[in-house]
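*Asks:* My questions will all concern the structure given below.
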Amino acid sequence: AVVTDDSIMVKKVSADSQEVLGYSETDFYANWVFIESIDKIANLTVNSGGKSYSFDIKANSDEEADEKYIVNYDGKTLKSSNFQAFYQYCISLNCSDFSTENLNTPDEASLVYSYNDGSKPVTVTFKKATATKHQYYVNGSPMGKVNSSEFNKMDKYLQQLVNGQTVTNN
């Protein structure tokens with residue numbers, strides 16, 4: 001039986017014509033670990049390898065400027081395109097497995113997104129789950145797993161960024 005918003009009665013339809021009936025819960029999940037427009041972010045703090053890296057982000061008010069954003073790290077202004085490549089990688093991390101488990105391992109890394117409007121920050125944390133997977137959490141809630149190779153690339157790009165190298169997001 002099916003009812004639509006503009007129906008005045010219940011209609012009988014074949015179950016074969018309703019693909020949605022065969023979907024599982026995970027079919028409705030987004031694959032991205034965490035996606036947010038850089039325009040909404042005032043600061044991104046990355047904790048990795050026992051170190052903390054804090055990036056202050058501000059849109060450049062000079063519309064003629066080559067750099068769309070002013071990104072400061074450790075008292076220096078970074079090349080905006082390098083930071084944008086790193087940021088793009090962070091928000092394009094994909095969940096490879098929506099299963100979660102109870103892990104008692106330490107955090108290997110975290111990304112703390114602080115907003116321009118003063119909203120509560122969002123923290124994405126990563127813990128090693130297996131030799132090939134890292135489980136991720138959004139504000140403490142386990143969400144799924146990413147491939148460790150993809151997780152390791154994030155640290156590689158972070159090191160390129162803070163060392164003033166071109167971030168090779170490939």
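The values are calculated or read from the model by the stated rules, or taken from the named source; none is laboratory data. Quick caveat, the model's predicted, so the values are computed rather than measured. Positions of Cβ are backbone-derived with ideal geometry, glycine not excepted, and every protein chain shown enters the neighbour counts. For the accessible areas, the whole protein counts, side chains as well, though only heavy atoms, and no ligand, DNA or RNA atoms are used. Shrake-Rupley method; radii C 1.70, N 1.55, O 1.52, S 1.80 Å.
*Asks:* Answer with yes or no whether TYR53 is open to solvent by less than 60 Å² (accessible area, probe 1.4 Å), in contact with an Asp or Glu (Cβ under 7 Å, 6 or more places away or on another chain), in a strand (DSSP E or B) and closer than 15 Å to THR125 by Cα. First the steps, then the outcome.
*Replies:* Values: open to solvent by less than 60 Å² (accessible area, probe 1.4 Å): yes; in contact with an Asp or Glu (Cβ under 7 Å, 6 or more places away or on another chain): no; in a strand (DSSP E or B): yes; closer than 15 Å to THR125 by Cα: yes.
When the stated conditions are applied, TYR53 does not pass them.
*Asks:* Let me ask something additional. What about LYS58, is it open to solvent by 30 Å² or more (accessible area, probe 1.4 Å) and either closer than 15 Å to LEU161 by Cα or small (Gly, Ala, Ser) (or both)?
*Replies:* Values: open to solvent by 30 Å² or more (accessible area, probe 1.4 Å): yes; either closer than 15 Å to LEU161 by Cα or small (Gly, Ala, Ser) (or both): no.
No: the conditions fail for LYS58.
*Asks:* Also: Tell me yes or no: at least one residue of segment 131-148 is within 12 Å of the chain's Cα centre (by Cα), touching a residue at least 24 places away in the same chain (Cβ under 8 Å) and closer than 16 Å to TYR53 by Cα.
*Replies:* No, the conditions are met nowhere in segment 131-148.
*Asks:* Next question, about the same structure. Quickly run through segment 56-69 and pick out the residues that are assigned to a strand (DSSP E or B) and in contact with a helix residue (DSSP H, G or I) (Cβ under 7 Å, 6 or more places away or on another chain). Lay out the reasoning, then the answer.
*Replies:* Looking only at segment 56-69, we keep the residues that are assigned to a strand (DSSP E or B), and these are 56-59, 69.
Those that are assigned to a strand (DSSP E or B) and in contact with a helix residue (DSSP H, G or I) (Cβ under 7 Å, 6 or more places away or on another chain): ILE57, ALA59, TYR69.
*Asks:* A further question follows. When only residues in segment 132-163 that are open to solvent by 60 Å² or more (accessible area, probe 1.4 Å) and in contact with a helix residue (DSSP H, G or I) (Cβ under 8 Å, 6 or more places away or on another chain) count, which is nearest to ASN72 (Cα to Cα)?
*Replies:* LYS153
*Asks:* Picking from THR105, THR123, THR100, THR77, which residue would you name as being modelled with pLDDT under 95 and assigned to a strand (DSSP E or B)?
*Replies:* Working: THR105 fails: assigned to a strand (DSSP E or B); THR123 fails: modelled with pLDDT under 95; THR100 fails: assigned to a strand (DSSP E or B).
That would be THR77, the only listed residue that is modelled with pLDDT under 95 and assigned to a strand (DSSP E or B).
*Asks:* Taking segment 27-40, which residues are assigned to a helix (DSSP H, G or I) and either under 18 Å from the mean Cα position of the chain (by Cα) or at pLDDT 95 or above (or both)? Can you show your working first?
*Replies:* If we filter segment 27-40 for residues that are assigned to a helix (DSSP H, G or I), which is where we start, we get 27-28, 38-40.
If the condition is that a residue be assigned to a helix (DSSP H, G or I) and either under 18 Å from the mean Cα position of the chain (by Cα) or at pLDDT 95 or above (or both), then PHE28, ILE38, ASP39, LYS40 are the ones that fit.
The rows are residues; the columns are (1) of a type outside the set (Val, Ile, Thr); (2) open to solvent by 50 Å² or more (accessible area, probe 1.4 Å); (3) over 18 Å from the mean Cα position of the chain (by Cα); (4) closer than 15 Å to TYR157 by Cβ.
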site: ASP74; (1), (2), (3), (4): yes, yes, yes, no
site: LEU78; (1), (2), (3), (4): yes, no, yes, yes
site: PHE83; (1), (2), (3), (4): yes, no, no, yes
site: PHE86; (1), (2), (3), (4): yes, no, no, yes
site: CYS90; (1), (2), (3), (4): yes, no, no, yes
site: SER96; (1), (2), (3), (4): yes, yes, no, no
site: SER99; (1), (2), (3), (4): yes, yes, no, no
site: ALA109; (1), (2), (3), (4): yes, no, no, yes
site: TYR115; (1), (2), (3), (4): yes, no, no, no
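*Asks:* Continuing with the same structure: Determine which member of the set ASN43, ASN47 is assigned to a strand (DSSP E or B), touching a strand residue (DSSP E or B) at 6+ places or on another chain (Cβ under 9 Å) and open to solvent by 30 Å² or more (accessible area, probe 1.4 Å). Even if it seems obvious, please write down each step before you answer.
*Replies:* Working: ASN43 fails: open to solvent by 30 Å² or more (accessible area, probe 1.4 Å).
Answer to the check: ASN47.
*Asks:* For segment 117-131, give me each residue that is under 19 Å from ASP155 (Cβ atoms) and open to solvent by 30 Å² or more (accessible area, probe 1.4 Å).
*Replies:* First, pick out the residues of segment 117-131 that are under 19 Å from ASP155 (Cβ atoms): 123-131.
The answer is THR123, LYS127, LYS128, THR130, ALA131.
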